[in-house]
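Following: one structure in structure tokens, then a few remarks.
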Amino acid sequence: MEVVTKIAPIALALIMLALGLGLTGQDFLRVAKQPKDFLVGLICQLILLPIIAFLLLKIFNLPLEIALGVMIIAAAPGGVTSNVLTKFANGDVALSISLTAIISLISIISVPFIVFKSAELLEVTEISKEISMIGISMKMFLVVTLPVLIGMLIRKFATNFVMSKSQLIERISVFLFVIVFAAIWVEEWENIMGYIKQAGLITLVLNIVMMFIGYYVAKFLASGVSQRKSISLECGLQNGTLAVFVASQLFTEITYLIPTATYAIVMFLTSIIYVFIVRKIN
């Protein structure tokens, strides 16, 4: 758990810095000019995803730690991988970037609220580490919001630097991301099959259900096919590093991180299959 606790904040900060380096003011103005598609994606991810996850917990008989771990990954915003896969799927990349960026900024409020409310509904009487909702929000501000803002400032005033260093930062963040999730699996290797049995099915079902819901809600409410693809992928690809960071700040037991580690594998597999299918169909 010590490796995860130390590396997760660094990995998350670098990922968010890389996100900020790719943003401009135009990304936010685009949302103001075309708010409908963004609002559809926002509702799917911030409201429907946690609700569906909680309803699935009522169906699956899971240990409390695994159940709350599922809610932590369900509360996480979309990851930057969704932007890349949206491009491969011929989706609306601008919409995907806007959803990832803005919901990530909102996450310093939404994630603590969803996680603490879920803990209350699941009757978790106390959090292992004594930290308040405001406390976790402040920590998230330092590793989520601040790096995004710094990245945007660097992009604005040092464009040449961004062009030369952004790929390096992305590669370092990916490397740290792999270390974080590898550390979770290595530390719990003896119990790995049991955890996969407990968390594997619900994370797979949650991932597939939300991609379908995102697609068909967007089919009726969003502008077109490319927007459906973007919203669907945004609902299926969460920021696993952020989920690990939150769980490691709140709990000393690594069990709470297992659903995130399982979901990380599941979401990449299903998303690649999804991209392959939609490229063939459309």
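No value in this document is a laboratory result; all are computed from the given coordinates. Please read all numbers here as calculations on a predicted model, not as lab measurements. Cβ sites come from the backbone with ideal geometry, for glycine too, and all protein chains shown count toward neighbours.
Details
- Phi angles of region 212-218 translate, via the Karplus equation with coefficients 6.51, -1.76, 1.60 and θ = phi - 60°, into HN-Hα couplings of 5, 4, x, 5, 7, 5, 5 Hz per residue; Gly and Pro are given as x.
- Order of VAL244, VAL143 - criterion: other Cβ atoms within 10 Å of each residue's Cβ, fewest first: VAL143, VAL244
- Between the beta carbons of ASN61 and THR24, assuming R0 = 35 Å, the FRET efficiency works out to 0.15 to the nearest 0.05.
- Relative protection proxy for 21-29, 202-210, from highest mean packing down: 202-210, 21-29 (other beta-carbon atoms within 10 angstrom).
- Modelled label positions at LYS156 and ILE43, each set 7 Å beyond Cα in the direction of Cβ, lie 3.3 nm from each other.
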